[in-house]
Amino acid sequence: MANDLLTILSRPEALSSTITHYCPGCTHGIIHRLVAEVIDELGVRERTVGVAPVGCSVLAYNYFNFDFMESPHGRAPALATGFKRLRPDMIVFTYQGDGDLASIGMGEIIHAANRGEKFTVIFVNNAIYGMTGGQMAPTTMPHQKTTTSPMGRNVETAGYPIRVAELISSLATPAYIARAAVHTPMHAIGAKQKIKKAFSYQVQGTCFSLVEILSTCPTNWGIAPEASTRWLEENMMPYYPLGTLKTPEGKEK
Amino acid sequence: MAKKLMKGNEAIAEAAVCAGATNYFAYPITPQSEVAEYLARRLPEVGGVFVQAESEVAVGNMLFGAACTGQRVFTTSSSPGVSLMQEAISYMAGAHLPAVIVNIMRGGPGLGGILPAQSDYFQAVKGGGHGDYRLIVLAPSSVQEAVDLMMLAFHLADKYRTPVMLIGDGMIGQMMESVEIPDKAQERPLPPKDWALTGAKGRNPYIIKSLFLDPVALEKNSILLAEKYKVIKANEVRWELYNVNDTNQLLICSYGTMARICQTAIDELSEEGLSVGLFRPISLFPFPEKVIFDEASKPNIKALLTIEMSMGQMVEDIERAVVGVKPVGFFGRTGGIVPSPDEVKDAVKRQLASDGRKKKG
């Protein structure tokens, strides 16, 4: 009886039907879906503008079903600032990787957060440069081998990985800062709650919000997809602990 | 509105407000910081937006994001600051976005100095950022003209969906002159801003981008830009002639405040019995090449002399325009040194006494 069938899962309206270009085992697709679900649930698709970065997710605008602009490398928070200041009624978010946000765009993200710009940042941290072919990122783990750290990241010369969520949490300006992962269904559910929280603060006009999401890069890590999720748990999660680091109310949750 | 005595930087700021450009992003740099100081007070009165950015890199990109709303946006800076904005300017040109960038030039290269110069001509007119693009470049020679050209700049930016640059030297920014600014700029018809990001309500999503991974699509965008520049070249050439007549032996080519100093020299030479005309481009792109060719071709003209506050930049466009029909000389000072009328007069006399070969120095 077709009439008795109940749809319990369908493509979010905020997600387009375009097939993504992401590598097998990469979690960009999951994160895209979570963002789209949140935008649908908050009912803001028709007033949302995304800012695409430079890097693996440069084509993000092809996968979402709302207005988008494309930023120069690292500058997404500056574009988002310009747009949101002129259109505070719109919902604006940047979608950035770790090379984009933690390296070339460090100045833009710190100052946008410090000014308390009322947009949302989805920050995808996979500890490597993906699109350019697996070079060392500011988030690359100590001793992690990449094409530009072939002997492993040497912390004597390259320093330690930058903990972006902690760094931004140190600012006095009120903000919502959280870190999540999506490599298991349980973690994805937790990540969605944080993403929804981040967008909700924006809808209320409360504060800057950023969710750092740990992600996998089987292609450039040179590890099979399933082993990549274990590598993320064993190597990244101890150094990048999950949780809510800062809320505008000033207390951790 | 009655005439008011205003500093160039403040007049430029007020002209933008008059043109409905109440959205401004900037980072302080001498000799134009008064624009930001003025607007920090003025914009709240008109419900505008002013963000002091952390760098000129951020300014350029705030402008980029703000331009995507379809509202009028602008920034002002000086030479090293404009260099930092080149990334965003290239992207905005590639994405067909309107914005106005004011460069109150100081000496360079590098950190250079803080005194007036015209040494960013190449950067403004020939590119600056990467890729196949042009800017509309306007060069005022007085504070009043800076006001008028600011309003024109916003109109042209919207009309052609392109970044427009207004370049003046530190003198324009710092000197006080009597100006008239209307309460509201007279608007001429403009195409609808049906490209602006307003939320995908009842329509397909809009994407503002400059990435075209398909080479055919990228070339198509470059051709689209080139076609736009062709239309601009056909319609937006602006210039002024001073004391140009059939008795001229020499034609000075100069722009901006330098051209005003040349006018003084021309008046004094006239008293000495030497007839010299002035050709002043107001639009540096599109460059008035046909006009300068026609003027240079007149039989009474023995030579041209380009005078700039640089080591010689516009002189290359003058040479290109006259295609060898007459000799083109050059005289320039830079580093913040402004040539005096006497220096200009000497350069004119040297050029007329030369044997007609190109002379630079």
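The values are calculated or read from the model by the stated rules, or taken from the named source; none is laboratory data. Keep in mind that what you see is a predicted model, and the values were worked out from it rather than measured. Note: ideal-geometry Cβ built from the backbone for every residue, glycine included; neighbour counts use all protein chains shown.
In this entry, residue B:233 is excluded by the filter for residues that are in contact with a helix residue (DSSP H, G or I) (Cβ under 8 Å, 6 or more places away or on another chain) and either assigned to a strand (DSSP E or B) or free of Cβ contacts under 8 Å to residues at least 60 places away in the same chain (or both). The set of residues in the stretch A:134-178 that are of a type in the set (Val, Ile, Thr), buried (at least 20 other Cβ atoms within 10 Å of the Cβ) and not in a strand (DSSP E or B) comprises A:139, A:140, A:164, A:168. Of the residues making up the stretch B:97-122, those that are among the small types (Gly, Ala, Ser) and part of a loop (DSSP other than H, G, I, E, B) are B:107, B:108, B:110, B:112, B:113, B:117, B:119.
Only one of (1) more than 20 Å from residue B:198 (Cα to Cα); (2) modelled with pLDDT of 95 or more fails for residue A:9. Which number is that? Result: residue A:9 fails condition (2) only.
Only one entry of B:307, B:301 meets the criterion of being touching a Pro at 6+ places or on another chain (Cβ under 9 Å) and not in a helix (DSSP H, G or I), and that entry is B:307. If you go through the stretch B:83-101 and keep only what is free of Cβ contacts under 8 Å to residues at least 60 places away in the same chain and more than 9 Å from chain A (Cβ to nearest Cβ), you end up with B:83, B:84, B:85, B:86.
Flag not set for residue A:131, criterion: crowded, with 22+ Cβ neighbours inside 10 Å, in contact (Cβ under 8 Å) with a residue 12 or more places away in the chain and under 30 Å from residue A:225 (Cα atoms). For the stretch B:331-361, filtering for residues that are modelled with pLDDT of 95 or more, surrounded by fewer than 15 Cβ atoms within 10 Å (Cβ to Cβ) and in a loop (DSSP other than H, G, I, E, B) leaves 1. For the stretch B:62-74, the count of residues that are surrounded by 22 or more Cβ atoms within 10 Å (Cβ to Cβ) and away from chain A (no Cβ under 11 Å) is at least one. Against the test of being in contact with a Gly (Cβ under 9 Å, 6 or more places away or on another chain) and either under 27 Å from residue A:162 (Cβ atoms) or of a type in the set (Phe, Trp, Tyr) (or both), the options A:50, A:99, A:29, A:25 yield a single qualifying residue, A:99. Taking the stretch B:249-283 as the range and being assigned to a helix (DSSP H, G or I) and either closer than 21 Å to residue B:149 by Cβ or in contact (Cβ under 8 Å) with a residue 40 or more places away in the chain (or both) as the test, the residues that pass are B:256, B:257, B:258, B:259, B:260, B:261, B:262, B:263, B:264, B:265, B:268, B:269. Residues in the stretch B:87-131 that are farther than 28 Å from residue B:338 by Cα, out of contact with any Ser or Thr (no Cβ under 6 Å at 6 or more places or on another chain) and not β-branched (Val, Ile, Thr): 9 in all.
Screening residue A:173 with (1) closer than 19 Å to residue A:237 by Cβ; (2) of a type outside the set (Asp, Glu); (3) touching a residue at least 40 places away in the same chain (Cβ under 8 Å) gives one miss only, at (1).
Yes/no matrix, rows are residues, columns are (1) of a type outside the set (Phe, Trp, Tyr); (2) surrounded by fewer than 18 Cβ atoms within 10 Å (Cβ to Cβ); (3) at pLDDT 95 or above:
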| position | (1), (2), (3) |
| --- | --- |
| A:92 | yes, no, yes |
| A:95 | no, no, yes |
| A:103 | yes, yes, yes |
| A:106 | yes, yes, yes |
| A:125 | yes, no, yes |
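Selection of the stretch A:1-22 for residues being surrounded by fewer than 16 Cβ atoms within 10 Å (Cβ to Cβ) and not hydroxyl-bearing (Ser, Thr, Tyr) yields A:1, A:2, A:3, A:4, A:5, A:6, A:8, A:9, A:11, A:13, A:19, A:21. Taken as a whole, the condition of being surrounded by fewer than 18 Cβ atoms within 10 Å (Cβ to Cβ), facing another protein chain (nearest Cβ under 10 Å) and more than 17 Å from the chain's Cα centre (by Cα) applies to residue A:114.
Checking the stretch B:184-201 against the condition returns no match, with no residue being of a type in the set (Phe, Trp, Tyr), touching a residue at least 60 places away in the same chain (Cβ under 8 Å) and closer than 23 Å to residue B:10 by Cβ. Restricting to the stretch B:288-308, name every residue that is of a type in the set (A, V, I, L, M), out of contact with any Ser or Thr (no Cβ under 8 Å at 6 or more places or on another chain) and either crowded, with 21+ Cβ neighbours inside 10 Å or farther than 24 Å from residue B:229 by Cα (or both). Hits for the stretch B:288-308 are B:292, B:296, B:301, B:304, B:305. When the strands (runs of 3 or more DSSP E) confined to the stretch A:1-99 are screened for residues that are at negative phi and facing chain B (nearest Cβ under 9 Å), those reaching at least 3 such residues are found at A:48-52, A:67-70. Set side by side, the residues B:46, B:57, B:35 differ, and just one is surrounded by 19 or more Cβ atoms within 10 Å (Cβ to Cβ), among the β-branched types (Val, Ile, Thr) and either within 14 Å of chain A (Cβ to nearest Cβ) or more than 18 Å from residue B:140 (Cα to Cα) (or both), which is B:57. If you go through the stretch B:316-325 and keep only what is touching a strand residue (DSSP E or B) at 6+ places or on another chain (Cβ under 6 Å) and touching a residue at least 60 places away in the same chain (Cβ under 8 Å), you end up with just B:318. For the stretch B:141-164, the tally of residues that are touching a Phe, Trp or Tyr at 6+ places or on another chain (Cβ under 9 Å) and not hydroxyl-bearing (Ser, Thr, Tyr) stands at 7.
Between B:183, B:158, the distinction of being under 16 Å from residue B:18 (Cα atoms), at pLDDT 95 or above and out of contact with any Lys or Arg (no Cβ under 7 Å at 6 or more places or on another chain) belongs to B:158 only.
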